[in-house]
C-alpha cells in the first residue's frame, strides 16, 4: 500500500509503505528514488529463457513475419481478410505460424466477366514471392475457368457466325428466286455486328 503525504518542506513527500512480513515505515521520496528497482521480468513472472528457448523465439519471429508477409501479398492481390493460426512461444507471446486469405473463385454472368474474375484470383493466389502448393492449386483452378470461359466465348462467336452465314444464304436464295426479301434496296448485312 502506498500513501503520499505532502509535507511543508519543499522536495520532501513522505510515503507510507507496507510490505508483507515487515513493519510499516516512512521514507522520503528522495530515499525511495535511491532504492534499486526490481527487474520487470521478475515482477511479472517471466523466467529467463534458455539458449534453446531463445532460438525457438527467433524461429517463431521469423515464421510470424513470413506468414504475415505471405498473407498480406494475397490481400494486396485482391483476396479477403487474413486469418491466422497462432502458437505461444516460450516468451509468452503469440506468433503466427499459419494463415489464409479467402479468395472467391466464381463465374460471371458472361464469359468476359468470368475471365476477369479468374484473372483476379490468379493475381491474388500468385502474389506472394513463394506461392504455396495450395496457392498454385487455386491458380490452376482459375486458369481452368479461363479456358472454359474462352471456349464458351468461341462457341458464342461460332453460333453468331453460323447465324450470319445462314442469313446470308437465305438472302441469296430469296434473291435468286425473285423474292423481294430486301425491299428498299439496302444491304441487310451492313448493320449486322458480329464482333465479340
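Derivation of every value follows stated rules applied to the coordinates shown; laboratory data play no part. If you're wondering where the values come from, they're calculated on a predicted model, not measured in any experiment. Quick reminder, even Gly has a Cβ in these numbers, built from the backbone with ideal geometry, and neighbours come from all protein chains shown.
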- Ascending count of other beta-carbon atoms within 10 Å, so fewest first, for 100, 113: 113, 100
- Using only the Cα atoms of segment 90-176, build the gyration tensor, take square roots of its eigenvalues as a ≥ b ≥ c, and label the shape rounded, prolate or oblate: rounded if a/c is under 1.5, else prolate if a/b is larger than b/c, else oblate. prolate
- Task: For each of 145, 158, count neighbouring Cβ atoms within 10 Å of the residue's Cβ, then give the residues from fewest to most.
- Result: 158, 145
- Query: How do 173, 109 rank when sorted from fewest to most other Cβ atoms within 10 Å of their own Cβ?
  - Reply: 109, 173
- Task: May I ask you to derive the relative contact order of segment 104-174, considering only C-alpha pairs under 8 Å and at least 6 residues apart, and to give it as an integer percent?
- Result: 30 percent
- Determine the principal axes of the Cα atoms in segment 50-102, then give the extent along each, sorted from largest to smallest and rounded to whole angstroms. 42, 13, 10
